[in-house]
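Step one of this worksheet: look at the structure below.
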Amino acid sequence: MSSFNDPAFLELLSTLALSIGVSLILAGALAAWSGRLLELAPEHKLWAFIVGFAFLCSLSTLPMSEHGTWSDTVYLALFPPLVIFIYFLPTAAAISGRHPNFASIFIMNLIFGWTVAGWIRALYWVFQRPAMVGDTNFRVTPFGVAPNNKSGTRPTAPRPPVAS
């Protein structure tokens, strides 16, 4: 356990924590600013946050690799985007699948994704669709909209009684 008291390890750990914190703040500001400037939809703001966060974390690895070779620098710079895109996989699936609760899935993924259980729960939530509200006379199939009744005819409304 003496390696945890090593000044070089503590410096690396503090640099990493500071880089991630600054990257989160700047990526959030970038997503908010670009979303307002370009009038982006909420799902596009989330994409801007994820991509900006991955890019900024990748840039923050450059001081750590200044004494290495070019291949070490490239591998070290590609590692944060890979980890971030795997980390935000549930959010990406929710956005791509047009899940109605994608913002909630993103918040859960952001806060609890570092735990394996939170990441799996967020991914499970992506594949759960909310129940349809109300009784509908149609269902959505891979080939389009189909009526719910078996005969394929349109249901008719009951006729009012005829007054004599």
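What is the percent carbon and sulfur in the accessible area of region 1-80, measuring with a 1.4 Å probe over the protein chains and ignoring ligands? Numbers along the way, then the final one.
Details: 4140 of 5670 Å².
Reported share for carbon and sulfur atoms: 73 percent.
Summary value for region 18-136: 18 percent relative contact order, contacts being C-alpha pairs under 8 angstrom separated by 6+ residues.
Three principal axis extents of region 2-47 based on alpha-carbon atoms, in descending order, are 52, 15, 7 Å.
Could you order the peptides 21-33, 102-114 from most to least packed, using the average number of other C-beta atoms within 10 Å per residue? Don't jump to the answer; show the numbers that get you there.
Values: 21-33: 15.2, 102-114: 17.8.
Sorting 21-33, 102-114 by mean packing, highest first, produces 102-114, 21-33.
Counting 0.36 nm for each residue step from Val83 to Phe112 and taking away their Cα separation leaves a gain of 8.9 nm.
The values are calculated or read from the model by the stated rules, or taken from the named source; none is laboratory data. It should be emphasised that the depicted structure is a prediction, and the values quoted were computed from it without experimental measurement. With ideal geometry, Cβ positions are generated from the backbone for all residues, glycine too; neighbour counts draw on all protein chains shown. All accessible areas refer to the heavy atoms of the entire protein, side chains included, with ligands and DNA or RNA removed. Shrake-Rupley method; radii C 1.70, N 1.55, O 1.52, S 1.80 Å.
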